[in-house]
Structures are given as C-alpha cells and as structure tokens.
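Chemist: Below you will find the structure I want to go over with you.
The values are calculated or read from the model by the stated rules, or taken from the named source; none is laboratory data. Note that the structure is a prediction, hence the values are computed from the model and not measured. Neighbour counts run over all protein chains shown; Cβ positions are idealised from the backbone, glycine included.
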C-alpha cells in the first residue's frame, strides 16, 4: 500500500479512536465483533486490511457487499453447502450463523492467517459444521506452489508474483487442491450450493476444479470478484472465462454501493471498467444456475434493476 493510503488509514483510525476504546478498551484489538454479529473474530491488528475491515468498518456500522450477500443468501436459500473461497480473516465465514442443515467449507491460502482463523473457528457456534482448508484453490492438486504475501496488507496475497512485488513481500510454498476433491459429492447432488470467491485472479482455475460439484447441484448461486488484470496475470483470458461462466450461469453484476441492486450481464463488453483509464474490468458478479428465475433464489432485500 502507498504511503498516502497508510496515512489516510491512520487519520481515520485516530478520528474513531474514542469509539474503538469504548468498545474494546484499546486501539489495536486482537479480536473484534462485526456489525450485527456477536461472534469474536481474531485478527492481526498490524495488518492494514484487518484494521479497515474488522476495526474501522464495524465501528461505522458498515457491512460489506460480500458479507451482506453471505448473510442474506444463507438465510434465504438454506443451502446444503456454503463455500467461502478466499476467507482472509473470516469476515464472511464467521460473520453469520448457518441454517442447521448447512455444511460450511472455508479455504484460505495465506499461511499467516491460519492461526487467527483457527481461534475464530473454535469460538463459532456452528464450528462442528465448518471445515477450514489451508491451501491454494486451483484446477489440480500440487505441492510447493509459490505464494506471495504483503504482511502490511493481507488482501493482496496471491500466487501471482506480479501482484506482490514490493520489498517487504514474503514468499511461502503451499499445496493446491480442487474444490471438487474437498467437498463431498453427496452433499451437492440435487441440492443447493452457495459460494463466494475472491482469490486474486485464480477464479478461473478454481472453477475448473469445481465444475463437477456444480454440475450435480439443483441450484448454485455465487458472489465472485471479476478483475480482468488479475485474471490475465494468472494466465487466463478474461473474455474466455466470462464465456465459460455464461455457459453455466445467468450472470449479474452488482450495481449500487451496497451490492443489493443487480443488473443482468449478457456480454463481456457490458462489464464496467474500473475508474482507471487502462481498460481494466473490475466488478463483483452474482451467478445463478442458468435458466433459474430470480424469484426462485433472490432474497427480498435484493432487486434486479
């Protein structure tokens, strides 16, 4: 992160300091509660992303679009399987309670975050139905895959070296697995699957190892980050990846800041560009099994614009 961004975060932290102190008794808590949630989530308070997402945003009462999606769709669909790919500290994974019949699977590749996730998992009321897997989600099983982490900002951790090339970058070697190899097929056959995926350009690879589970489900609904630069850096074509998604899903993109108004997307050229003038496509997609009317899967708090 740039010096300017660091200073901006520090200024926001200082403005909110009295409220942070009142809630936690210190300015750098190691465990926090998210907005409208009583579960403790354990974090590294020296991680800039943890400070923003888990300390500052809840103090302001903010709920991110991925967390809003995760809460609303788990409650509405009561899926057989909920899958969080790219857990980070567990904003979504530990930010809600689950229907009694739902099995939950979380995947995180950053080895620095696993101790925090294990502490949060131990205190979650649905811990017995949550399976946490450490490793890179990809299209094949392998060992010793290089993985790169900025210790000051965990949100950019990636197997793509170009996305983490600063002087403080840490390098690890981790294993990769497919979603199909971890999630029992019997849980997916004829049932509902909910998934969230944000893995810095590795989404196309994750889907190639996920198609078998999706193929046998009655309904699959997902929230997926789409960033054309990250996808290209990972060795895939954004246009071809989008076409593959369209073959399996009806594709929508989030339209408002809360992510609760969604628009149908029928061609790649309709995806919004980022604010930068580099032709980069960056948006959040909501996917639903092709041909399934929104009335069958969309919660009442969401609308098709």
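Chemist: Among the residues of the range 176-183, is there at least one that is under 22 Å from residue 98 (Cβ atoms), in the same structural domain as residue 132 (by TED's automatic domain parsing) and out of contact with any helix residue (DSSP H, G or I) (no Cβ under 8 Å at 6 or more places or on another chain)?
Modeler: yes
Chemist: Can you work out which of the residues in the range 270-305 that are over 20 Å from the mean Cα position of the chain (by Cα) and outside any loop (DSSP other than H, G, I, E, B) is nearest to residue 230 (Cα to Cα)?
Modeler: The residue in question is 273.
Chemist: Suppose we keep only residues that are free of Cβ contacts under 8 Å to residues at least 60 places away in the same chain and outside any helix (DSSP H, G or I) within the range 111-141. Which one would you say is surrounded by the fewest Cβ atoms within 10 Å (Cβ to Cβ)?
Modeler: Checked the range 111-141; the qualifying residue surrounded by the fewest Cβ atoms within 10 Å (Cβ to Cβ) is 141.
Chemist: Residue 205 passes all but one of (1) surrounded by 20 or more Cβ atoms within 10 Å (Cβ to Cβ); (2) touching a strand residue (DSSP E or B) at 6+ places or on another chain (Cβ under 6 Å); which number fails?
Modeler: Result: residue 205 passes all but (2).
Chemist: So, residue 189, is that one exposed (fewer than 14 other Cβ atoms within 10 Å of the Cβ) and modelled with pLDDT of 95 or more or not?
Modeler: The answer is yes for residue 189.
Chemist: Residues that are in the same structural domain as residue 202 (by TED's automatic domain parsing): list the strands (runs of 3 or more DSSP E) wholly contained in the range 10-110 that include at least 2 such residues.
Modeler: Correct list: 81-85, 103-108.
Chemist: Given the structure, is residue 155 surrounded by fewer than 22 Cβ atoms within 10 Å (Cβ to Cβ), within 14 Å of the chain's Cα centre (by Cα) and within 23 Å of residue 39 (Cα to Cα)?
Modeler: Yes: the conditions hold for residue 155.
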